[in-house]
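The values are calculated or read from the model by the stated rules, or taken from the named source; none is laboratory data. Here the structure is a predicted model, which is why all the values come from computation and not from measurement. Here the Cβ positions follow ideal geometry from the backbone for every residue, glycine too, while neighbour counts run over all protein chains shown.
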Amino acid sequence: MRATEELAISLGDKTLKFMIQPNLHWPDTIFTHLIEDDILFTCDFFGSHYAFEGVLLKNVRDKAEFNESFKYYFDSIMSPFKASVRKALDAISGLKLRYVATSHGPVLDEKDLEEAKELYRRWAEDKEAGRLKMVVAYASAHGYTKKIAEKIQEGIEAVSQGKFDVILYDAVTTPLGEIVSEIEKADAFLIGSTTILRDAPKPIWDILSSLNPEIHGGKLAGAFGSYGWSGEAVKNINERLSQLKMRIVEALRIRFNPSEQQGMEIRKFGEEFAKQLLYPNEKSEP
């Protein structure tokens, strides 16, 4: 028997109706509506990796702990499929439900369901329309890569003239989740790194390993950094950006502390990067 939107199975005094909702987060996700009891079984939708001695969410004592787990589950499991989340919310909006039972996590009653729907709707919103955004994240050992990042920012802002926002992040001191979240919302981003032991340091790889082609692919992106001897970090970052299906610009590498002349070249790099975001169909000047 094949489950379809029209399929309803009678179990005597109970009826099961199916709602096909793929990619939440499995491609074969199906909601099951127990019509007579107003219960919806949603697989992982509205789920969490949270256990306690009770059953209903309203009986959870540490609500703050649950809320953190609920948000973490959405970010980790559901966020790559925001379009499917919005579709599912629309699909269940007309149902009168007493309970929602997920595959794991507490059972939601009517009040908690409304709160969960509001949170999912907010978290699954499309990127804000209007102003463009660019993120520059870097890790600097001796301050040279930081200096490059700041000079790039100058070049970007010279071209931007207030047309978009440029946000600079020190990857060592800024929470990883904040950087990844801003990259997701950004139209373009740059990753800068020093080279340590022939590679980029851990904070940079934490960022890059938190990105994926499904959510972040297709953005304008590039790499830059200062190095002393071998300078593999920038090359390795670019390889990862390629795996992520980004639109990659030519990388920028500077040996040690940028000179005044190199500072002009760095600023030019920022200007050209900004132009590619603003005017993607125009060729840069030689």
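Observations on the structure shown:
- Listed by position, the helices (runs of 4 or more DSSP H) enclosed by the stretch 89-193 that each have at least 2 residues that are under 23 Å from Glu232 (Cβ atoms) are 144-160, 176-185.
- Selection status of Ser284, at pLDDT below 95, more than 17 Å from the chain's Cα centre (by Cα) and under 18 Å from Ala139 (Cβ atoms): no
- Residue-level check: of (1) at pLDDT 95 or above; (2) touching a helix residue (DSSP H, G or I) at 6+ places or on another chain (Cβ under 6 Å); (3) not polar (S, T, N, Q), Glu214 misses just (1).
- Residues within the stretch 39-59 that are loosely packed, with under 14 Cβ neighbours inside 10 Å and part of a loop (DSSP other than H, G, I, E, B), tallied: 5
- Annotation note: Cβ proximity below 8 Å between a residue of the stretch 162-176 that is in contact (Cβ under 8 Å) with a residue 60 or more places away in the chain and a residue that is acidic (Asp, Glu) (sequence gap 6+ or interchain) occurs for Phe164/Asp187.
- Test: residue in the stretch 71-79 that is of a type in the set (S, T, N, Q) and either in contact with a Ser or Thr (Cβ under 9 Å, 6 or more places away or on another chain) or more than 18 Å from Ser181 (Cα to Cα) (or both): no
- Number of positions in the stretch 169-185 that are buried (at least 18 other Cβ atoms within 10 Å of the Cβ) and modelled with pLDDT of 95 or more: 4
- Of all residues in the stretch 237-281, those satisfying the criterion of being closer than 14 Å to Ala221 by Cα, touching a helix residue (DSSP H, G or I) at 6+ places or on another chain (Cβ under 9 Å) and not in a helix (DSSP H, G or I) are Leu244, Lys245, Met246, Arg247, Ile248, Val249, Glu250, Ala251, Leu252.
- Residue in the stretch 253-267 that is surrounded by the fewest Cβ atoms within 10 Å (Cβ to Cβ), counting only those that are more than 15 Å from Trp229 (Cβ to Cβ) and either among the aliphatic types (A, V, I, L, M) or touching a residue at least 24 places away in the same chain (Cβ under 8 Å) (or both): Met264
- Glu36 satisfies every condition listed in (1) more than 26 Å from the chain's Cα centre (by Cα); (2) surrounded by 14 or more Cβ atoms within 10 Å (Cβ to Cβ); (3) more than 30 Å from Thr174 (Cβ to Cβ) except (2).
- For the residues Thr102, Thr4, the requirement of being among the polar types (S, T, N, Q) and at pLDDT 95 or above singles out Thr102.
- Subset of the stretch 45-68 [farther than 23 Å from Lys82 by Cβ, of a type in the set (D, E, K, R) and out of contact with any strand residue (DSSP E or B) (no Cβ under 8 Å at 6 or more places or on another chain)]: Glu53, Arg61, Asp62, Lys63, Glu65
- When the residues of the stretch 1-53 are filtered to those that are in contact (Cβ under 8 Å) with a residue 60 or more places away in the chain and among the charged types (D, E, K, R), the one that is farthest from Tyr120 (Cα to Cα) is Asp37.
- Residue list for the stretch 197-231, filter: over 21 Å from the mean Cα position of the chain (by Cα) and surrounded by fewer than 16 Cβ atoms within 10 Å (Cβ to Cβ): Leu197, Arg198, Gly228, Trp229, Ser230
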